[in-house]
Amino acid sequence: MQIKQPSVLIPDHCNNFLVYYVIRSLKEASSDFKINVIVPSDHAPTDKSWLIFYKHSRYINNLIFSENEVNSIEYLNEIIEIIENTGIDIVFPATDVGFKFVAEYRDQLSNFCKVVASPSHDALHTALDKWSLHLFLNKHNIPVPKTILLREIEQFNQFNYPILLKPINGSGGENIQKFDTLEQANFQFIFNDSREAYIVQDYIVGYDIGCNVLCQNGQIIAYTIQELLGIEGGFAPKINKLKFVHNSAFIDIVARTMQSLQWSGVANLDLRYNSKTGQLNVLEINPRFWQSLMGSVSIGVNFPYLLYLLSSGISFEPVSYQEKYYAKIQRFIKDALNGSLEYSLSDTNIKYLLTDPNSVFQFMLYRFLKKIVFLKNYN
């Protein structure tokens with residue numbers, strides 16, 4: 001479908017890859033997209049390598065650095081001014097920070113341009129708060145692991161180990177800890193840190209499954225299911241290999257979940273299959289785009305573009321996908337060397353790296369120089 005150079009504004013943090021994946025997905029659909037990115041002052045770039053990457057990307061037409069914080073009225077007013085002065089067609093967040101901003105100010109933004117379809121404020125809050133999500137799913141008879149809100153150390157006695165300890169507002173697997181025995185660690189630090197609330201959850205022996213969806217009023221319009229085959233980094237993983245699959249039981253439980261929430265927009269669901277009972281459990285809902293986004297694009301399910309069409313009132317045919325692998329180039333080389341290669345070079349991220357070479361080079365150079373300086377100072 002031919003579209004006429006829509007101008008997109010992405011109000012989001014650029015301290016990781018998600019914004020870039022959204023940009024690349026839109027540009028894969030049509031080079032006519034004009035991409036504008038505004039980065040709030042509380043970007044928190046302890047590692048500036050991603051800012052270097054975004055500055056040198058050929059796919060960004062306009063990169064703006066705001067002096068205002070993302071939740072401030074000044075940031076909102078600045079965005080409205082940009083919309084009016086540059087003819088923005090649609091506001092298009094990528095991460096949970098961006099989607100929370102849009103949920104907060106949708107009414108104001110909608111007076112000036114289109115805003116992407118997104119969940120209601122209540123649904124978004126439920127997804128972001130692990131304890132609220134657990135209560136909601138339990139209420140709607142959607143299977144979840146045994147979970148409690150941690151209030152005192154004695155509650156650990158309610159569980160058979162191992163267990164997981166999770167901050168209720170964490171994302172991306174950050175700060176999740178696994179304990180095999182109560183004696184393994186002293187939990188007193190949890191109660192001394194009033195800034196965080198935690199849940200305790202059964203650790204399920206099995207494997208993880210991911211499901212990505214695009215919904216409208218609780219109905220799934222497009223989805224992909226992926227097995228996570230190459231995971232590094234524990235509960236805040238870097239996924240270097242996956243396989244897109246079909247599974248009617250998985251999509252059934254996801255459909256029930258999204259229907260219960262009356263979800264609109266995109267979401268990434270983490271599920272876990274219990275190898276002892278055969279039961280599938282919903283673990284988390286991430287109300288944002290996800291790590292494997294370019295893998296979805298590679299098999300023909302371009303979620304950002306479909307979200308653009310949905311939000312613009314443009315109809316499109318149902319999309320489907322074949323079961324196939326997607327991997328990062330490092331994993332491709334590893335599989336090739338150990339003789340376990342089951343996919344081709346075209347099923348990797350190499351094609352996306354090669355088409356934006358300057359940003360990749362500047363990114364790698366910055367990280368290399370930073371490492372050299374660190375080693376010099378350390379020695």
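Listing for the model above:
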item	result
The listed residue being within 12 Å of PRO11 (Cβ to Cβ), hydrophobic (A, V, I, L, M, F, W, C) and either assigned to a helix (DSSP H, G or I) or modelled with pLDDT under 90 (or both), out of ILE52, ILE83	ILE83
Residue selected from the range 286-302 under the condition aliphatic (A, V, I, L, M) and part of a loop (DSSP other than H, G, I, E, B), by the criterion nearest to THR348 (Cα to Cα)	ILE299
Enumeration of residues in the range 299-320 that are over 30 Å from CYS113 (Cβ atoms) and either surrounded by fewer than 18 Cβ atoms within 10 Å (Cβ to Cβ) or free of Cβ contacts under 8 Å to residues at least 60 places away in the same chain (or both)	SER320
Residue check for ASN212: assigned to a strand (DSSP E or B) and closer than 17 Å to PHE99 by Cβ	yes
Lone qualifier among LEU293, LEU269 - being in the same structural domain as ASN240 (by TED's automatic domain parsing) and more than 19 Å from LEU26 (Cα to Cα)	LEU269
Lone qualifier among LYS328, LYS334 - being in contact (Cβ under 8 Å) with a residue 60 or more places away in the chain and surrounded by 15 or more Cβ atoms within 10 Å (Cβ to Cβ)	LYS328
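The values are calculated or read from the model by the stated rules, or taken from the named source; none is laboratory data. None of these values were measured; they are calculated from a predicted model. Ideal geometry is used to build each Cβ from the backbone, glycine not excepted, and the neighbour counts take in all protein chains shown.
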